[in-house]
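The values are calculated or read from the model by the stated rules, or taken from the named source; none is laboratory data. In this text, all values refer to a predicted model and were calculated from it rather than measured experimentally. All Cβ positions, even for glycine, are placed from backbone atoms using ideal geometry, and neighbour counts span all protein chains on display.
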Amino acid sequence: RHLPLRQGQALLIQGDCAKETQPAMARYYYQQALDLIGHGAPLLAVRCWQGLGDVAAGSAAADPAVAEAAYERAQTMFDSIRRTLHSHGHQAGFAMQKEALNRALLASLHQQVGQESKLLRWVERSKAAALVELLREQPVDETLDDKLRDLIEERERLAAQIDQRLHRMSVSAPSTATPQRGPQLVAHNRYQRGQIGELRRRLQWVEEQLQRARHPAQTWREGETLAAAQIQVQIGREGTLLAYYEAGDQLAAVVVQGQQITARLLNTTVDEVARQWQQTRRFVLRPQTPLEAVNARLGRLYDLLLRPLEDVLESSERLLILPHRILYQIPVAALYDTVTHRYALEQWICYYAPSATIWSWCQQRRTAVEAASLLVGYPGEPDQADYLPAVRGEIEAIAELVVQPRLLFGAEATAAQVLLSMRHKRLVHLAGHAFYDGERPLDSGMPLAEGRWLRAADLYLRYGMLDGALVVLSGCETGKGHAAGGEVLGLVSAFLYAGARTILSGLWKVDDVATAALMGRFYEELAADQGAAVALREAQLALLANRETAAPYFWAPFTINGAGS
């Protein structure tokens, strides 16, 4: 019964063994395996196509175009079978294999001339993928109506049935060794094809209904992305896009400036950048460390991440940065140019987004009609060791600077009341503790009154609830996230999903006095009609100009995510 599948697995193993030393034989084994399994074992087919790509990329007569075509075929198949993986173990292995495949595909594009537009498209797709995987285990968004929920569930059910039928055509055929086996096999496959045809007709009808009743949350949850040309048009109005990613084993970057796309290998690795940042972070988080020593460390990261791109970035004023993995934890504005003796903050307005598509959606969000503000402060309980006495002063000071403030402080700041009060506000400011859960990113959140939390998972059930608000997260590690598959998964991404247009957050806890000074200047700049990214930069420059707060420890952790303006 399972003979074709087992033969295909054996051929795949032979191909993997021959790949390094006998590429021609490996190519033969992979192709034979594909011919044998047909449509019945898509995960096996993905590995075969990836193997064919590896052979084309790594042989003496390397052909990047052939490698690219094979990798693209594998990527497309990966996307089509995602829904059939149910266990967490399968999902983890799936994600790792998909990331390796994506790195190989991007490396093959780097080896070809004139492929920048296609490279940008695949970089954007990779940045959308991780959130899709995370939200597969989430309940359906509460903002979807019953009809749309039913259609989505029906589509998933039909798609899974089609995949199962295709699988049975390969591994569940009649196994009796009789003269009638041939006719039985023909009849079996004819029956399966008939069933598949009927399922596909029903699936087509469901998808037509979904298109008519399309909900914006679906585009986020399903990883839809802008085309390269659309990204260029959007960025052309804004400034410069700087997206980091991995191509093969190397860290790389693509820069988009209007109609110009520039892709560069950065001659370093994610592991090297992570090592440098871990060493640098220890220096930065000790404000008593001599500034020269801190800047020397930050200069090494500037040399790795920005120096190779200076010729294309020098004319830019605004940088929309799409980080990758460890880069989500690195404040690019704090990187130090040891040649000009300036921080990146002094040269560019820096802000971030998980992907260009998500940034574009944030740009298009309209803010609430009423210019009302919600200020939430929960310092913890007074008898707790981590009680934050400065939170009340922070909230009261900001209330003097914003329009129509509503305050929820202490016992009033329950999770239910905060979620309810966030609606129809232009500004939401949350001050208190925040914690990031590396094992379960959706459990990251802020503890509130009555022992309840506001978690990322709560926000991922409420697409668009925030009406395009500016959200300020004034707490420990609010900006920190889990970089999985190129996308940051934490409170920031959750607030963007829930409808925030722009988010100010912090990567580490800063001295209360410095935070109050920065927040005060930030809100003053906002009141003067500055955009959020410009307002934060002005506030950071003010701290930099003050000898008492000039160290990056005081101003560097604050970042803007989302629209920025």
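Being of a type in the set (Phe, Trp, Tyr), modelled with pLDDT of 90 or more, out of contact with any Cys (no Cβ under 8 Å at 6 or more places or on another chain) and not assigned by TED's automatic domain parsing to the domain that holds Tyr328 holds for only one residue in Tyr378, Tyr436, and it is Tyr378.
Residues checked against (1) modelled with pLDDT of 90 or more; (2) in contact with a helix residue (DSSP H, G or I) (Cβ under 7 Å, 6 or more places away or on another chain); (3) in a helix (DSSP H, G or I); (4) surrounded by fewer than 20 Cβ atoms within 10 Å (Cβ to Cβ):
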| residue | (1), (2), (3), (4) |
| --- | --- |
| Leu5 | no, yes, yes, yes |
| Ala10 | yes, no, yes, yes |
| Ala24 | yes, no, yes, yes |
| His39 | no, yes, no, yes |
| Val46 | yes, yes, yes, no |
| Ala65 | yes, no, yes, yes |
| Gly93 | no, no, yes, yes |
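Of all residues in segment 374-405, exactly one satisfies the criterion of being of a type in the set (Gly, Ala, Ser), touching a His at 6+ places or on another chain (Cβ under 9 Å) and either in a helix (DSSP H, G or I) or buried (at least 22 other Cβ atoms within 10 Å of the Cβ) (or both), namely Gly377. All conditions in (1) in a loop (DSSP other than H, G, I, E, B); (2) under 26 Å from the mean Cα position of the chain (by Cα) hold for Ile560, with the sole exception of (1). For segment 529-550, residues that are surrounded by fewer than 17 Cβ atoms within 10 Å (Cβ to Cβ) and more than 18 Å from Leu401 (Cα to Cα) total 6.
Restricting Val513, Val492 to those that are of a type in the set (Val, Ile, Thr), touching a Ser or Thr at 6+ places or on another chain (Cβ under 7 Å) and part of a helix (DSSP H, G or I) reduces the list to Val492. Annotation note: Cβ proximity below 8 Å between a residue of segment 406-430 that is assigned by TED's automatic domain parsing to the domain that holds Asp467 and surrounded by fewer than 18 Cβ atoms within 10 Å (Cβ to Cβ) and a residue that is of a type in the set (S, T, N, Q) and not in a strand (DSSP E or B) (sequence gap 6+ or interchain) occurs for Arg406/Ser421. Counted as qualifying within segment 215-310 are the strands (runs of 3 or more DSSP E) with 3 or more residues that are of a type in the set (Val, Ile, Thr) and crowded, with 19+ Cβ neighbours inside 10 Å, namely 250-257. Arg537 falls short on exactly one of the conditions (1) within 25 Å of Gln363 (Cα to Cα); (2) at pLDDT below 90, and that condition is (2). Out of Ala399, Ala372, Ala413, Ala385, one residue alone is over 31 Å from the mean Cα position of the chain (by Cα), among the aliphatic types (A, V, I, L, M) and at pLDDT 90 or above. It is Ala399.
Leu518 meets each of the listed conditions (1) over 24 Å from the mean Cα position of the chain (by Cα); (2) more than 21 Å from Ala500 (Cβ to Cβ) apart from (2).
Residues of segment 9-48 that are without any contact (Cβ under 8 Å) to a residue 40 or more places away in the chain and more than 22 Å from Val66 (Cβ to Cβ): Gln9, Ala10, Ile13, Leu43.
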